[in-house]
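Student: Pasting a structure here, questions to come.
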Amino acid sequence: MEFNIKSGHPEKQRTACVVVGIYEPRRLSEAARRLDDISDGHISFILRRGDLEGKPGQTLLLHSVPGILADRVLLVGCGRERELGDNQYHKIIIQAIRTLHETGSMEAVCYLTEMNVRGRDTAWRIRQAVETAQSTLYLFDQLKSKKENTRRPLRKIVFTVTSRRELNIAEQANREAQKIAEGVKLAKDLSNLPANHCTPAYLAEKAKKLCSLHEKLSCNILTETELRQEGLNALLAVSNGSDQSPYLIILEYQNGKKNAAPIVLVGKGVTFDSGGISLKPAKDMDEMKFDMCGAAAVLGTISAVAELQLPLKVIGLIPTVENLPSGKAMKPGDVVTSLSGQTIEILNTDAEGRLILCDVLTYAERYKPEAVIDIATLTGACLVALGHPAHGLMSNHNPLTNDLLNAGKFSCDRAWELPLWDDYQEQLESCFADVANIGGRDAGAITAACFLSRFTKKYHWAHLDIAGTGWISQPKKEKGATGRPVPLLTQYLIDRSRDETPVTAAVAAPADKTATIAATPPAAHEND
Ligand code: BES
Ligand code: MN
Ligand code: ZN
């Protein structure tokens with residue numbers, strides 16, 4: 001899909017379709033009013049007849065509207081003007097894009113980005129419109145032998161802004177959005193791929209391929225032998241039951257100051273989680289192919305960061321294994337010595353994510369990081385606690401928590417904090433080792449994070465539990481990966497990079513646009 005930005009009058013657009021909003025009840029948006037004036041009241045006549053009330057998501061496609069240059073006009077219901085918030089806006093954009101795609105308009109000029117959205121500015125509206133449009137048209141059909149062919153698919157869309165003065169800001173937002181959307185798509189594609197295709201070796205190959213595309217990106221893959229030499233025994237214990245070789249994928253993006261402390265992203269890459277000897281029930285076990293959504297999010301984010309050429313140092317660490325039962329598999333009661341030296345009693349082999357992560361979190365110490373963020377489909381308990389809307393967020397550093405929460409709010413990829421209090425640590429006591437890998441039924445998402453916190457004492461760390469947000473499990477059409485939290489993480493890194501920009505550069509920058517961007521502190525988003 002091609003996205004462009006423009007400012008100009010709707011009646012003058014020579015295009016397959018002009019898209020304008022209608023508020024409830026039957027009230028014209030600014031762009032709709034212009035079309036109405038030019039066409040001698042054609043639109044308000046149709047509304048008076050009762051064809052469209054303006055409820056959010058309603059659509060009406062008009063042909064041959066007098067006095068305008070476009071072939072069609074698409075009216076989109078936007079709900080009550082005063083109530084137009086984030087969710088409503090997304091819904092409207094989704095409906096508009098779907099309708100365009102299905103009704104043969106291969107290109108369109110869309111005025112919905114000119115409407116006021118509560119607490120949001122032009123840049124935000126463009127960003128969300130582009131990202132939402134891209135994900136609305138996402139289709140995973142790699143493994144279907146007969147592809148569904150849309151006869152006249154939507155190929156090109158222009159989003160408008162109200163004045164020429166906004167063009168620069170909107171174009172910048174458009175560029176950012178497209179890079180983020182690409183990262184989201186990469187994450188979705190990897191996550192949707194089943195475990196017989198997406199193995200640990202496949203993920204490693206993909207990482208190498210990504211690195212070959214970007215000069216500032218390099219890649220190192222640690223093999224099983226090297227992992228043994230290094231002493232990542234907890235990770236190796238998980239992979240023991242599988243015939244697939246484990247890997248630690250190390251991505252390095254360097255576009256920052258020479259000795260800058262990096263931000264490290266750690267993604268759980270269990271390409272299939274059967275539970276191991278503590279075998280999971282059969283129902284919905286297919287969904288455990290998604291247990292590498294954290295890994296996919298790290299790859300997607302690093303792709304976006306590299307495309308955006310952010311002036312940062314970012315390290316991606318992806319432990320990738322398969323968790324299966326076999327004669328070689330780890331067993332309940334086994335005790336392993338982790339890379340940190342702490343011994344772990346494996347009371348449940350299905351709590352494998354924390355085992356691969358803990359070693360890699362220790363490994364991360366060697367980068368002397370500014371911050372470490374791990375992303376993992378870690379606990380069913382997090383899904384129970386927060387459902388689909390929010391990632392679970394737990395951290396040992398408040399400023400990092402705030403930055404991530406804010407990045408989530410701005411990118412509409414929200415996280416919610418759960419307490420990481422010491423009070424929960426006692427649930428992890430073990431009779432035979434330093435720590436047990438499970439903490440009982442209560443507060444499962446928190447005790448999992450508590451387990452990880454024992455390996456992250458040397459740096460600022462945050463944990464995102466994406467068990468409820470990484471994919472949607474509704475049957476058939478909607479089922480699949482979401483690409484989250486690529487938008488949150490990329491926004492966090494964009495904010496960090498703005499923070500890093502030296503003050504002198506911000507002052508010296510010629511255009512006012514650049515100056516504003518460089519001077520914006522990360523936590524200063526509107527609508528907080
Ligand atoms: N990958 C799962 C977590 C999961 C389960 C995510 C269902 C999304 C949906 C993880 O490895 C796991 O099995 N966790 C166990 C932990 C328990 C054994 C302490 C869980 O949540 O049941
Ligand atoms: Mn598991
Ligand atoms: Zn798992």
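No value in this document is a laboratory result; all are computed from the given coordinates. Please read these numbers as outputs of a predicted model, since none were measured by experiment. No Cβ is skipped: glycine too gets one built from the backbone with ideal geometry, and neighbour counts run over all protein chains shown.
Student: Of these, Thr199, Thr223, Thr271, which one is surrounded by 24 or more Cβ atoms within 10 Å (Cβ to Cβ) and either under 28 Å from Gln134 (Cβ atoms) or in contact with a strand residue (DSSP E or B) (Cβ under 9 Å, 6 or more places away or on another chain) (or both)?
Tutor: Result: Thr271 is the single residue among Thr199, Thr223, Thr271 that is surrounded by 24 or more Cβ atoms within 10 Å (Cβ to Cβ) and either under 28 Å from Gln134 (Cβ atoms) or in contact with a strand residue (DSSP E or B) (Cβ under 9 Å, 6 or more places away or on another chain) (or both).
Student: Hey, could you check segment 22-34 for residues that are touching a Gly at 6+ places or on another chain (Cβ under 8 Å) and not in a helix (DSSP H, G or I) and say which is surrounded by the most Cβ atoms within 10 Å (Cβ to Cβ)?
Tutor: Among those residues, the one meeting the criterion is Ile22.
Student: So in segment 414-434, with the set limited to residues that are buried (at least 18 other Cβ atoms within 10 Å of the Cβ) and touching a strand residue (DSSP E or B) at 6+ places or on another chain (Cβ under 8 Å), which one is farthest from Arg484 (Cα to Cα)?
Tutor: Looking at the filtered set, the residue picked out is Ala433.
Student: Further question on the same structure: Could you say which residue among Glu322, Glu287, Glu345 is more than 24 Å from Cys211 (Cβ to Cβ) and within 16 Å of ligand 2 (Cβ to nearest atom)?
Tutor: Glu287
Student: Within the bounds of segment 313-325, is there any residue that is away from ligand 3 (no atom under 16 Å from the Cβ) and among the acidic types (Asp, Glu)?
Tutor: No: segment 313-325 contains no residue that is away from ligand 3 (no atom under 16 Å from the Cβ) and among the acidic types (Asp, Glu).
Student: Kindly evaluate Ala296 against the criterion of being within 15 Å of ligand 1 (Cβ to nearest atom), of a type outside the set (Ser, Thr, Tyr) and surrounded by 20 or more Cβ atoms within 10 Å (Cβ to Cβ).
Tutor: For Ala296, the condition - within 15 Å of ligand 1 (Cβ to nearest atom), of a type outside the set (Ser, Thr, Tyr) and surrounded by 20 or more Cβ atoms within 10 Å (Cβ to Cβ) - is met.
Student: Can you name the condition, by its number, that Ser326 falls short on among (1) out of contact with any strand residue (DSSP E or B) (no Cβ under 9 Å at 6 or more places or on another chain); (2) within 15 Å of ligand 1 (Cβ to nearest atom)?
Tutor: Every listed condition holds for Ser326 apart from (2).
Student: So, in segment 180-209, how many residues would count as being touching a Ser or Thr at 6+ places or on another chain (Cβ under 6 Å) and within 27 Å of Phe3 (Cα to Cα)?
Tutor: 3
Student: Same structure, new question: Looking at this structure, is Thr469 touching a strand residue (DSSP E or B) at 6+ places or on another chain (Cβ under 8 Å), buried (at least 24 other Cβ atoms within 10 Å of the Cβ) and among the polar types (S, T, N, Q)?
Tutor: Taking the combined requirement at face value, the residue satisfies it.
Student: Still on this structure, I have one more. Considering segment 255-291 alone, what residues qualify as being within 15 Å of the chain's Cα centre (by Cα) and more than 10 Å from ligand 1 (Cβ to nearest atom)?
Tutor: The answer is Leu265, Val266, Gly267.
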